[in-house]
Amino acid sequence: AGAKDQAIALLLGGVLGRMGETDAAAAEFDKALAAGGDEIQIRYNQALVQFQRKDYAGARAILEALLVKHPGHDDSRRELARVLLAEAPQDPAQVERAGSLLWDVKDKFAEDMHTWELMGDYWLLKADYVAAVASYTEALRFGKSPPHIESKYRVAEQARRDAENAAAQ
């Protein structure tokens with residue numbers, strides 16, 4: 001209808017990303033950037049698309065560069081934590097960095113299901129099952145019990161019970 005890329009490319013890219021059409025979404029984000037759109041939002045969304053593609057190194061590179069220019073962008077810090085946990089859950093340094101990023105943004109996202117879910121993932125990797133259960137409980141509360149978090153909660157609760165039983169023997 002004649003709308004300019006700067007006005008719609010970012011929005012269209014977001015819709016396409018949610019539909020799982022990552023190539024089309026990436027193309028729209030490139031258009032939005034070329035048209036002079038909001039660099040922070042565009043780069044952030046480009047990182048989300050890379051994460052969807054399971055290109056964790058690509059997502060990390062975008063978020064790291066974005067945070068160099070805009071260190072206070074808390075959404076990017078939370079998503080970088082997500083990337084770090086997905087990219088190398090067996091790397092203690094990366095897991096600790098993710099935990100630190102989450103700790104830094106937890107107050108801003110105090111009622112955000114995703115932040116609590118990531119905190120649960122962090123605690124589960126650290127084998128602190130009580131903290132994982134508590135974090136997933138909060139994620140369930142703020143997210144109105146999404147099934148994927150219910151599954152994580154059950155894993156953490158079973159691990160907590162197993163650890164408790166092992167300690168009692």
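The values are calculated or read from the model by the stated rules, or taken from the named source; none is laboratory data. Note that this is a predicted model, so its numbers are computed, not measured. Heads up, the Cβs are rebuilt from the backbone with ideal geometry, glycines too, and the neighbour counts pull from every protein chain shown. Just so you know, the surface numbers come from the protein's heavy atoms only, side chains and all, with ligands and any DNA or RNA stripped out. Shrake-Rupley method; radii C 1.70, N 1.55, O 1.52, S 1.80 Å.
Structure data summary
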item	result
Normalised alpha carbon radius of gyration of the chain [divisor 2.2 N^0.38 Å]	1.17
Range of Cα positions in the range 1-61 per principal axis (Å), largest first	35, 22, 12
Lysine pair number, Cα distance threshold 25 Å (strictly under), the range 52-159, separation 8 or more or different chains	14
Heavy-atom surface of the chain, accessible at 1.4 Å and reported per residue (Å²)	54
Residues VAL155 and ALA7, FRET efficiency given R0 of 45 Å [Cβ-Cβ distance, rounded to 0.05]	0.55
Solvent-accessible surface (1.4 angstrom probe) belonging to THR22, in square angstrom, nearest 10	30
FRET efficiency estimate (nearest 0.05) - Cβ-Cβ, THR137 to ALA167, R0 25 angstrom	0.70
Whole-percent carbon and sulfur share, accessible surface of the chain, 1.4 Å	55
Relative contact order of the chain, pairs being alpha-carbon contacts under 8 Å that are 6 or more residues apart, as %	12
Pairwise centroid distance, computed over Cα atoms, of the range 88-129 with the range 136-169, Å	15
